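To start, the structure itself, in structure tokens.
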Amino acid sequence: MPYLRSFFSPLLYLVAYLTASPIAMAETEALRTSLHCPAFIESPHYRAPANTLTASPDNWIQVINQAAAGDEVLLEDGVYTYDSYAVVLEKPITLRGKSGIASNVTIQGRGYGQEAEGLMVMAPDVHIADLTIRDVHHHAISLQGVSAGTVIYNVELIDIGTQHIKGNGMGPNGLIACSSIGYGQPTGTGDYNGGINLHGANNWVIRDNHIYNIFGDGSGCVVDSECGTQYPGGGAAILLWNDASENIIERNVITESFRGIVLGLNTLYSGGLVKNNFIYRRFSGQEGVGEFIEADTGISLIGASNVVVEGNTVMLAGEYPGVVEVWKANGNTIRNNLISKPVWNRGDAGYSDCNDANIADCEQKTNTVIGHYAHSADQPLAMQTQAIANSPSTTSTMQDPGLQTATGIQRKISAVRDENLDVIAERLKLKEERLNLREQQLNQIAAEIAWRENALLETMQDIQLQFDSR
């Protein structure tokens, strides 16, 4: 399907997963990140520092403490350890890996056996980028108090005991983008886990992240203690709640996780947008401690109001009916999503499939449901896509009973086409120009090397002649 490569949409991830192809997934990820995730220092989120300080694993805590507001601390490649409960960032500084490659700088926790956090943000306008945090008992990054304007960009958070990013009463206008969050194994330890968990988030943007394997072990523990106190299966990949509002959750890829995106969770939540996310789970659950754990929802609005959910692809195996669910939630709009089951109204909920009173226009914006979908890595792509094309299809409003799935998919492809096609084309053109320029530069270098070789040869010949004449 060459035409699919001309734009980014969650459907690209569906194709990649259907083929079970790491190459397809890598190509899809490269296309997405090339457009929406430039290098941090080339992104609009980078700010010129007042001063730049360079730190190594031997002195990084000291350098962070010495940095003044507006300074930038660059971490050299290496593994960084610490002895305190957390590394506290209490001034508005930038902390990032010098190389720009997140995997080159690792903040290494002390494992689940010792209670600790990674980075604790206790100041506004702190920027964290281009680094990895792993093996921490509690949170990799915790946001406290006045942490408004926080930017978290191109970080890798791996095997964190509880929530990888946790916000408690933090300030507004933050960003979590272009990052990778999850467990290296199918489940974490305990059930008090999660990817991004923010209390009271207002006007935050969570975009272009890959969140994976957020699934508990069924023990009900907080990591390895207080067992039996937590819900088996764990937390959500993304949870925003407790007076949160007007957040944008966009273009995230969530795979093989217990819950996907949850807003409200029986607390106040209002406004905002959930758009163009790809949520996929190929299994119905996991074997837990003592029993099988049935996986849960893809997108859930519980107590949330006035949220727009559109353009998402949610394909989940299993019997849980809430692929997209609403409960005790009103004024929401759920439209133009490609989902494996119809939207589930759990009660006390009101939502519309579009904002248009015109019925004919409304028909173009309803959700497309592709039956009960189950992935088989052993089944060829052609057979799987044919099965999708032949499966029963419906829309959540059933306004067009004769609509066939193939037509719904084509409509979906058109509907979720990235608005930035021109931007992609321009960037591809710019990349081609840069490659041509690089080729010219290499040719010039090769010519200069050849000239220098000839000059050196002539010099050696002159020396030889002088030596022979003696």
| task | From (1) within 28 Å of GLY200 (Cβ to Cβ); (2) surrounded by fewer than 21 Cβ atoms within 10 Å (Cβ to Cβ); (3) not basic (Lys, Arg), pick out the condition that doesn't hold for GLY118. | result | (2)
| field | Residue check for LEU75: surrounded by 20 or more Cβ atoms within 10 Å (Cβ to Cβ), in the same structural domain as PRO38 (by TED's automatic domain parsing) and more than 21 Å from ASN193 (Cβ to Cβ) | value | yes
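Can you tell me which residue among ILE160, ILE128 is under 23 Å from the mean Cα position of the chain (by Cα), without any contact (Cβ under 8 Å) to a residue 60 or more places away in the chain and assigned to a loop (DSSP other than H, G, I, E, B)?
Values: ILE128 fails: assigned to a loop (DSSP other than H, G, I, E, B).
Among ILE160, ILE128, only ILE160 is under 23 Å from the mean Cα position of the chain (by Cα), without any contact (Cβ under 8 Å) to a residue 60 or more places away in the chain and assigned to a loop (DSSP other than H, G, I, E, B).
Among the residues of the range 334-350, count how many are under 23 Å from the mean Cα position of the chain (by Cα) and more than 14 Å from GLY298 (Cα to Cα).
Number of matching residues: 2.
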| Identity of the residue in the range 143-157, polar (S, T, N, Q) and outside any strand (DSSP E or B), that ends up farthest from the chain's Cα centre (by Cα) | SER147
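Criterion first (at pLDDT 90 or above, of a type in the set (A, V, I, L, M, F, W, C), in the same structural domain as LEU143 (by TED's automatic domain parsing) and more than 25 Å from PHE283 (Cβ to Cβ)) does ILE196 satisfy it?
On the way: at pLDDT 90 or above: yes; of a type in the set (A, V, I, L, M, F, W, C): yes; in the same structural domain as LEU143 (by TED's automatic domain parsing): yes; more than 25 Å from PHE283 (Cβ to Cβ): no.
So ILE196 fails the test.
To keep it simple, each residue is scored yes or no on (1) under 16 Å from ILE93 (Cβ atoms); (2) buried (at least 24 other Cβ atoms within 10 Å of the Cβ); (3) small (Gly, Ala, Ser).
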{"site": "ALA123", "(1), (2), (3)": "yes, no, yes"}
{"site": "ASP135", "(1), (2), (3)": "no, no, no"}
{"site": "ILE141", "(1), (2), (3)": "yes, yes, no"}
{"site": "ILE165", "(1), (2), (3)": "no, yes, no"}
{"site": "GLY190", "(1), (2), (3)": "no, yes, yes"}
| task | Would you check if VAL308 is out of contact with any helix residue (DSSP H, G or I) (no Cβ under 7 Å at 6 or more places or on another chain), surrounded by 20 or more Cβ atoms within 10 Å (Cβ to Cβ) and in the same structural domain as ARG282 (by TED's automatic domain parsing)? | result | no
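The values are calculated or read from the model by the stated rules, or taken from the named source; none is laboratory data. Quantities reported herein were computed from a predicted structural model and do not represent experimental measurements. Heads up, the Cβs are rebuilt from the backbone with ideal geometry, glycines too, and the neighbour counts pull from every protein chain shown.
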